[in-house]
Each structure stands twice: as C-alpha cells, then as structure tokens.
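Note sheet for the following structure.
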Amino acid sequence: MTDQIEPINSTLLPPSTWLKATPLPWVIAGPCSAETERQVLDTARLVAKSEHVVAYRAGVWKPRTRPDSFEGVGEEGLRWLSQVKAETGLATTTEVANARHVELCLQNGVDILWIGARTTINSFAVQEIAEALKGVDIPVMVKNPVNAHLAPWIGAIERIYDAGTRKIAAIHRGFSVYLESGFRNRPQWQIPIELQRRLPNLPMICDPSHISGKRELVEPVAQMALDIGISGLMIETHLDPSRAWSDAEQQVTPAELMEMLARLHARGKSIGDKDLQKQISQLRGCIEQVDDRILQDLSERMRWVEQIGRIKRENDIPVLQIDRWENLLEDHLRKCRQLGLDESFVKSIFELIHLQAVKQQVSKPSENGED
Ligand code: PEP
Ligand code: MN
C-alpha cells in the first residue's frame, strides 16, 4: 500500500538546506512570548551557547483563549528578533496567523515562520498565508491542528506547498482534550506517525512544551519523541518561567534546557550493520507471523459474528446485548492483566472489534444512510 502524497514528498527540501548542522537532537529554543527586549536578548545569549540550538523562537502575536490575556508585543518584537540574529547568529522564528504577519516578518528578516495549531485548522487563514508566501523563499513549519485529525494538517501543508514553498516541516504539539489527562495536549503519536508514513521526507519536529503543559514532563516527552526517531525539538525557554506572561507552567530556564539536552539521547543511526540487519529482520519475520495469526483469528471471529447475527435477526433479538459485552470486556481485561498487557490498549482494541461486530449484525449502511 502506498498512499504517499506525491509530488510533495519527493520535492520537499531537507532541513539541512535551511538550518545549520548540529549534533542531534536539533533544537528550536526560546520563550513562548517575546515580552521585553532584554528578556528576548538575554534568553537568546544563553540558549545560543548550546551546540544543539539551531533557531530561536519567540511569539510576538499570541493566540490566546481568553480575551484579557497578553496578546503579544507585536511588530516591535520582530526588531528584537533581528537583534538576536545579528548578535548570536541563530536563525529566528515566530508564529504567523495572517498575511499581514507574513509581510511584517519578511520586512524584518525573520528566517523561519510557523503556523500555530489554532490557525492550521482554519483553511481561510492558511490560504491567506499561502498567498502572501507566493514567490518568497522562506521555510514554514506547520503545527498540528488543535483537534485530533490528520486531514487539516495535511491540507495546511498542501496549501503552503502549492504557494511554491519547498522548505516545510511539521510540528507535533499534541491535540486538545476536554477532560483532564496527564497532558495539556494529548500526543496521540499515531497521528504524526501516519503523517510520516504519507510524507516520509517531511521533517518532523516535536514540541514537548505544549504537549506536556508542565515543565516536569517536557524531558520525558522529548525523550519519547527522540526514541521514536523524531530528531528536532521545539522547547519553550524562559529566564524566569513562573513569571512568564504566557505558558508559565511549561517553560524551562536556559540552564534547565542545557541540563536536559545533556541527558537527552537521540538515536541517529540507520540499520547499516549486517548482523544487526539480520537480527532485526528475523524479529520482523516473527512479528509478521503473529500479525498473520491475528488476522486469521479476526476473520474467524467475524464469521461467528455473522452466524450469531443471523440467529438474532431471525428471532427478533436486539443486536446489542450490553450485559454480555460488559462481561466479555471484564473477562478480557482480567486476562490482559495476567498477561502483563496494557489495559487501556486492550480495551481500545476490543471496543473496535465489538463495534465492528455490532455494525456487521445491523442492516448495512447502504440501506440506512451513511455511517
Ligand atoms: C506557541 O508555540 O507558543 C503556541 C501558541 O503554540 P500552539 O499553536 O502549538 O498552541
Ligand atoms: Mn506557548
């Protein structure tokens, strides 16, 4: 199966064409918001000391949930960013949400633009930004949309690509949740992984600050991204995080960033070694055999479902038997604990299987309208 998106995938330019080379991981650091000239410059001087830091971030227009929150210093902040570049040599980046922002960034020599999560979801805004980018050679990083869907993320990337931009990266910053979870924005790794499957050449950056929402979690989330193979990070860094004008709970100090970077480990190797290749391909063979058994078993399960569905239909018995489902799930979860499997993982799988079984027993959607 290949649903890779061409020609986008094969014509994207790697980050080595628009960022200086550093040891892995490569990091974009800087405050959530530019607050004062002093804060922007002092932070930049400190983060520039790390060989991992390739670019400096600071939001000058801030999308805020509540109307009375700090909404950014605006254009003035762009001049501070150009001072950062002149003094430290770091590339600079900020968030743009409309054509005017793009224009001002271009006038003030910002090196890289990023589109924020609240903008990615808005096709009018992304299209407006794309129009403003026509004929301009500036890298654009596209954050995932706030809601857990791949299509708007891909759509935004396509709009930027259609404007002629070939220096594009994606930023995974997690997906918004209504109910409390351990994260401010749930990572839902399957979504960036699927994006990588569709666009293998698209550089992927992880933003552990917005995923975690609290500083203690930034490092473990960053390490998880690195273990998966995402080697670019965007980490919010503030001189005095607890007094930050936005996102106070998730920012780390430049010193904490340095300590974190010393501990983080990026896996930068490809499977070149022959022995290693053999070992991995043997294990892949074992995994494929198990997958095959799972598929055979699923197919057998659905055949039994078909039969039970017929009996229920002939005897006018409702498809959904909630007590049976409750007992079955309880039983599976008890077994999964004995087997040392993750409960929420097994629960999600059986919810899917059960839903499919229910669908298979009711009238087909073609008779009943769309799913
Ligand atoms: C930010 O990077 O400060 C920001 C507002 O991010 P997001 O769009 O991911 O919420
Ligand atoms: Mn922020």
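Looking at this structure, is residue 104 touching a residue at least 12 places away in the same chain (Cβ under 8 Å), closer than 25 Å to residue 146 by Cβ and more than 24 Å from the chain's Cα centre (by Cα)?
Taking the combined requirement at face value, the residue satisfies it.
Could you list all residues from region 36-71 that are in contact (Cβ under 8 Å) with a residue 12 or more places away in the chain, away from ligand 2 (no atom under 12 Å from the Cβ), out of contact with any Leu (no Cβ under 8 Å at 6 or more places or on another chain) and among the charged types (D, E, K, R)?
Correct list: 37, 45, 49, 51.
Just checking, which of 34, 91 is in the same structural domain as residue 250 (by TED's automatic domain parsing) and either closer than 17 Å to residue 251 by Cα or hydroxyl-bearing (Ser, Thr, Tyr) (or both)?
Answer to the selection: 34.
Given the criterion under 30 Å from residue 53 (Cβ atoms) and part of a helix (DSSP H, G or I), identify the matching residue among 266, 262.
262 is the lone residue from the list that is under 30 Å from residue 53 (Cβ atoms) and part of a helix (DSSP H, G or I).
Among the basic types (Lys, Arg) and either touching a Gly at 6+ places or on another chain (Cβ under 7 Å) or in the same structural domain as residue 236 (by TED's automatic domain parsing) (or both), is that true of residue 334?
no
Going by the structure shown, is residue 118 open to solvent by 30 Å² or more (accessible area, probe 1.4 Å), within 16 Å of ligand 2 (Cβ to nearest atom) and not aliphatic (A, V, I, L, M)?
yes
All but one of (1) touching a residue at least 12 places away in the same chain (Cβ under 8 Å); (2) more than 16 Å from ligand 2 (Cβ to nearest atom) hold for residue 240; which doesn't?
The number of the failed condition is (2).
Quick check on this structure: which one of 102, 96, 126, 110 is of a type in the set (A, V, I, L, M), within 16 Å of ligand 2 (Cβ to nearest atom) and in contact with a strand residue (DSSP E or B) (Cβ under 9 Å, 6 or more places away or on another chain)?
Sole residue among the options that is of a type in the set (A, V, I, L, M), within 16 Å of ligand 2 (Cβ to nearest atom) and in contact with a strand residue (DSSP E or B) (Cβ under 9 Å, 6 or more places away or on another chain): 96.
So, in region 26-67, how many residues would count as being more than 11 Å from ligand 1 (Cβ to nearest atom), at pLDDT below 95 and not charged (D, E, K, R)?
Going through region 26-67 one residue at a time, the tally reaches 1.
Might you let me know whether region 285-296 holds any residue that is part of a helix (DSSP H, G or I), within 16 Å of ligand 2 (Cβ to nearest atom) and among the hydrophobic types (A, V, I, L, M, F, W, C)?
Scanning region 285-296, I find no residue that is part of a helix (DSSP H, G or I), within 16 Å of ligand 2 (Cβ to nearest atom) and among the hydrophobic types (A, V, I, L, M, F, W, C), so the answer is no.
Checking residue 80 against (1) surrounded by 14 or more Cβ atoms within 10 Å (Cβ to Cβ); (2) farther than 30 Å from residue 196 by Cβ; (3) within 13 Å of ligand 1 (Cβ to nearest atom), which single condition isn't satisfied?
(3)
Going by the structure shown, is residue 241 within 16 Å of ligand 1 (Cβ to nearest atom), closer than 20 Å to residue 56 by Cβ and in the same structural domain as residue 16 (by TED's automatic domain parsing)?
In short, yes.
Filter region 177-186 down to the residues that are away from ligand 2 (no atom under 16 Å from the Cβ) and in contact (Cβ under 8 Å) with a residue 12 or more places away in the chain, then identify the one that is most open to solvent (accessible area, probe 1.4 Å).
186
Which condition from (1) open to solvent by less than 50 Å² (accessible area, probe 1.4 Å); (2) within 15 Å of ligand 1 (Cβ to nearest atom) is the one that residue 249 breaks?
(1)
With respect to residue 259, determine if the residue is open to solvent by 60 Å² or more (accessible area, probe 1.4 Å) and free of Cβ contacts under 8 Å to residues at least 12 places away in the same chain.
yes
Given the structure, is residue 197 open to solvent by 60 Å² or more (accessible area, probe 1.4 Å) and either within 16 Å of ligand 2 (Cβ to nearest atom) or closer than 26 Å to residue 161 by Cα (or both)?
yes
The values are calculated or read from the model by the stated rules, or taken from the named source; none is laboratory data. Keep in mind that what you see is a predicted model, and the values were worked out from it rather than measured. Using ideal geometry, Cβ is built from the backbone for each residue, glycine included, and neighbour counts are taken over all protein chains shown. SASA here: full protein model, heavy atoms, side chains in, ligands and nucleic acids out. Shrake-Rupley method; radii C 1.70, N 1.55, O 1.52, S 1.80 Å.
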